[in-house]
Amino acid sequence: TTRTWDYLGLSAANPKNLLNETNMGEQMIIGIIDTGVWPESEVFNDNGIGPVPSHWKGGCESGEMFNSSHCNKKLIGAKYFINAFIASHESFNSTESLDFISPRDFDGHGTHVATIAGGSYVPNISYKGLAGGTVRGGAPHARIAMYKACWYLDNLDITTCSSADILKAMDEAMHDGVDVLSISLGSDVPMYPETDVRDGITTGAFHAVLKGITVVCSGGNDGPEAQTVTNTAPWIVTVAATTLDRSFATPITLGNSKAILGQALYTGPELGFTSLVYPENPGNSNESFSGTCEFLDFNSNRTMAGKVVLCFTTSPYSGSVSRAARYVKRAGGLGVIIAKHPGYALRPCLDDFPCVSVDYELGTDILLYIRSSGSPVVKIQPSKTLIGQPVGTKVATFSSRGPNSISAAILKPDIAAPGVSILAATNTNTTFNDRGFIMLSGTSMAAPVISGVVALLKSLNRDWSPAAIRSAIVTTAWRTDPFGEQIFAEGSPRKLADPFDYGGGLVNPEKAAKPGLVYDLGLEDYVLYMCSAAYNESSISQLVGKGTVCSNPKPSVLDFNLPSITIPNLKEDVTLTRTLTNVGPLDSVYKASVELLSGVQVTVTPETLVFNSTTKKVSFKVKVSTTHKINTGYYFGSLTWSDSVHNVTIPLSVRTQILQNYYDEN
Amino acid sequence: SPDSKVHIVYLGEKQHDDPEFVTESHHQMLWSLLGSKEDARDSMVYSYRHGFSGFAAKLTKSQAKKLADLPGVVHVIPHSFYKLS
């Protein structure tokens, strides 16, 4: 977070900004359902923070190595829910387990997430000199309430969360009076329908949203493949992860003086010119050789001892890097250079062993040098933090992608936020932590960025519904990076980002504070959605707590008043309706403009919307037709309403399907 | 019993504002299914009573099926597991 808020333009530096106007979210309570909290961390200091908001009705539960004195005016709530976890894991032994049977955070994930959402200012923090700056949350004076529902299962060495425990945590959070619920947890694809209680988060979120609580969830880390996004209910804010404009350049100098910048979190001493090898059979040996990172242990120690080893891998996982480093180190090697696709989290290697990543192009340059030189050598210098241009912003490889596999017409993810190499607090026994701080990557880290921003927006606009807040974030998002450069989406191949990668785009907090117009949703809209999704009337009636009859013919999901238009199966002309609510100056006139989609015609009626003291809501129609003669992929465009001060932009995503419900290989 | 698993019994929006009353109704529902107050207490894992109505309980498949058929019950579903993102 030492870069996140400056990058997003949410820094206390600018005099008139969202942070100062909301007193940094001081009246807001952010509920977090996760692995618990490390209360001694400085990010939970409550210096300069006023009394606990009057609407708080929660508490601070005692337990193993945790008692109510660990709470303060920052960390105002801490509870834990383990009944279902224990009922399902007979092998779990509460007294033997490494985990704490209390709100205390054994894993470190919960503490990291809480920091990003609402951590207090902690200056002069870095990871061993890298990513230095002030750690803080999006809403530095907001209060944190931790609901621990995720537990470490010692015999399987995994951390997992029962939906029954999560639901109880959500039920308590609704009672306690949180304003935002931040949930960096995900289920596996394929998923269950939204109101199916199998997806506990989704069902609990429905009731939370109806109570005015915005629920922000991570979109999942199963990218870059399409249709992998999770937490896809239309009432949830689903978050994708981007990089920051920050990287950790690590100079590699070859014996022929060619200088290469790889990526690493290498904070050890410079490794002077050292023999460089790519393990391959020179032709006259009967030893085994492998230059594949995962199989470096096939090589004899002699091949790697005292050298820096180059290897190639097709795996995007950081595990392949650490495994390669382990093999080389065990053989007496001095460093490893991994040529890989852009991928997952950058991780340091154990004991500061030099492990540097490059892409295939640079890896091949190094390989050609090795093969053309009689005695190839290389020097590796410690990593340096690069900030700002020319470091570009990308949607992270791992960030799960749309379309929404349950209901393609509901655009998911909604929004993107930085979630790569984020420095924040953790507990002090996590591997690789530096004095209680660590860099982590994932949509787990991106979601609390949005939760912090939501806390500020809600603080400024108490009467906005969760849907209005989501709309404000989506319609004002950057579709470029904050400096106007296009955002690429990592994957093979890398491509320009589209709504299925980053929803409305990269969150722009200052603009979201004054969106001008919002696409709001009330109970009747959610009922429309469930009727359109063919949920039976009795279930819907139970959910909303009153008799509900769906209109006949049943409504179209395309008319669900989302801040996006997604048509997965366009054939005949389609006309859909949207309704805008004025949250800006009373007397406003907005004009429509459409960013065209190839081969798709879009007509907006009327083209001008007039708002005044008596007209706060206006509806309009959008007619969409295709000129394509084949089943196409998605084309993307946008629809913007502008009064020359506010631009209210929603993404348009249209796929022509002349032949419906049809799949082919081409 | 060994083949009872944690299930979530989802009843939708609360029908009453008093949480104690809501929880008591959950115990009643379970008691009528299991036949004794002790069994109901042993089976109950959670009562959801603030934001919505429902409960989590250790049930066999046949008990879950019987509950699902009761009026006012939206779903009875085995609980599932989430991972950190």
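Where a number appears in this text, it was derived from the coordinates with a stated rule and is not lab data. Keep in mind the model is a prediction, meaning the values are calculated, not measured. When we count neighbours, we look across all protein chains shown, and the Cβ atoms used for this are built from the backbone with ideal geometry, even at glycine.
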Task: Sites matching trypsin sites (Lys or Arg not before Pro) across the stretch A:493-529 that sit in DSSP coil, with at most 16 neighbouring C-beta atoms within 10 Å - done: A:Arg494
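Mind sorting A:Arg302, A:Arg479 by how few other Cβ atoms lie within 10 Å of their own Cβ, fewest first? Don't skip to the end; give the middle numbers.
Values: A:Arg302 11, A:Arg479 19.
Ascending number of Cβ neighbours within 10 Å: A:Arg302, A:Arg479.
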Task: Sites A:Asn661 and A:Lys616, calculated FRET efficiency, Cβ-Cβ separation with R0 35 Å, nearest 0.05 - done: 0.30
Task: Computed over chain B: relative contact order in percent, which uses C-alpha pairs under 8 Å that are six or more apart - done: 44
TODO: Please work out the C-alpha center-to-center distance from the stretch A:317-352 to the stretch A:614-666 and express it in whole Å.
DONE: 45
Open item on the list: For a test of the definition: using alpha carbon positions, the gyration tensor, and the 1.5 limit on a/c, classify the stretch A:518-605 as rounded, prolate or oblate.
Closed with: oblate
Task: In range of the label at A:Asn47: residues from the stretch A:432-452 whose backbone nitrogen is under 19 Å from the point 7 Å along Cα→Cβ - done: A:435-437
Task: In degrees, nearest ten, helix A:200-210 long axis to first principal axis of chain A (Cα) - done: 40
Task: In Å, descending, principal axis extents of the Cα set of the protein assembly as shown - done: 82, 66, 57
Task: Pair A:Ile630, A:Thr577: separation of 7 Å Cα→Cβ label points (nm) - done: 3.8
Open item on the list: Test of the criteria: in the stretch A:78-173, which GluC sites (Glu not before Pro) are in a DSSP loop and have at most 12 other Cβ atoms within 10 angstrom of their Cβ?
Closed with: A:Glu90, A:Glu96
TODO: Apply 1/(1 + (r/R0)^6) to the Cβ-Cβ distance of A:Glu90 and A:Ala13, taking R0 = 51 Å, and write down the FRET efficiency to the nearest 0.05.
DONE: 0.40
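Residue separation times 0.36 nm, minus the C-alpha to C-alpha distance between A:Lys211 and A:Asn20: what's the value?
Additional length available on full extension: 66.0 nm.
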Open item on the list: Taking 25 °C and 0.890 mPa s as the conditions, I'd like the Stokes-Einstein D for the stretch A:48-146 in µm²/s, using the Kirkwood hydrodynamic radius from alpha carbon pairs.
Closed with: 159
Open item on the list: Given an 8 Å cut-off on Cα distances and at least 6 residues of separation, report the relative contact order of chain A as a percent.
Closed with: 14
- [ ] Rounded to the nearest 10 degrees, what's the angle between the helix A:360-372 long axis and the longest principal axis of chain A, both from Cα atoms, 0 to 90?
- [x] 10
Open item on the list: For the stretch A:490-546 and the stretch A:59-84, what is the centre-to-centre distance using only Cα atoms, to the nearest Å?
Closed with: 33
Task: Compactness of the stretch A:304-374, expressed as Rg and Dmax over alpha-carbon positions, Å - done: 11.8, 35
- [ ] With 10 Å bins from zero, work out the P(r) of the stretch B:20-78 over every alpha carbon pair and list the percent per bin.
- [x] 24, 63, 14
TODO: Output the lone cysteines of chain A: those with no second cysteine's C-beta under 4.7 Å from their C-beta.
DONE: A:Cys217
TODO: Please give the contour-minus-distance gain from A:Ser593 to A:Asn552: 0.36 nm per residue of separation, less the Cα-Cα distance, rounded to one decimal in nm.
DONE: 11.4 nm
Task: Reachable lysines, given that their alpha-carbon falls under 16 Å from the alpha-carbon of A:Lys16 and they are not under 8 places away in the same chain - done: A:Lys511, A:Lys514
TODO: Mind jotting down the three principal axis lengths of the stretch A:617-664 based on Cα atoms? Whole angstrom, largest first.
DONE: 46, 18, 17
TODO: Write down Rg/Rh for the stretch A:357-465, rounded to two decimals, with Rg from the C-alpha atoms and Rh from the Kirkwood relation over Cα pairs.
DONE: 1.12
Open item on the list: As a footprinting exposure proxy, order A:Asp463, A:Asp99 by other Cβ within 10 Å, with the fewest listed first.
Closed with: A:Asp463, A:Asp99
Open item on the list: Within the stretch A:86-126, name every residue whose backbone N is under 12 Å away from a label modeled 7 Å from Cα of A:Leu156 along the Cβ vector.
Closed with: A:86, A:88-92
- [ ] With a 10 Å radius around each residue's Cβ, average the other Cβ atoms per peptide and rank A:54-63, A:288-297, highest first.
- [x] A:288-297, A:54-63
Open item on the list: If I model a spin label as a point 7 Å beyond the Cα along the Cα-Cβ vector, how far apart are those points for A:Arg302 and A:Thr314 in nm?
Closed with: 3.2
Task: FRET efficiency, 1/(1 + (r/R0)^6) with R0 56 Å, evaluated for A:Glu537 and A:Ser644 via beta carbons - done: 0.80
Open item on the list: Between 0 and 90 degrees, rounded to the nearest ten: what's the tilt of helix A:443-460 against the longest Cα principal axis of chain A?
Closed with: 40
Open item on the list: Given the -39500 (n - 2.57) contribution per DSSP H run of 4+ residues, what per-residue ellipticity at 222 nm results for the protein assembly as shown, rounded to the nearest 500 deg cm²/dmol?
Closed with: -6000 deg cm²/dmol
Open item on the list: Rounded to the nearest 5, what % of DSSP beta bridges with both residues in the protein assembly as shown are antiparallel?
Closed with: 65
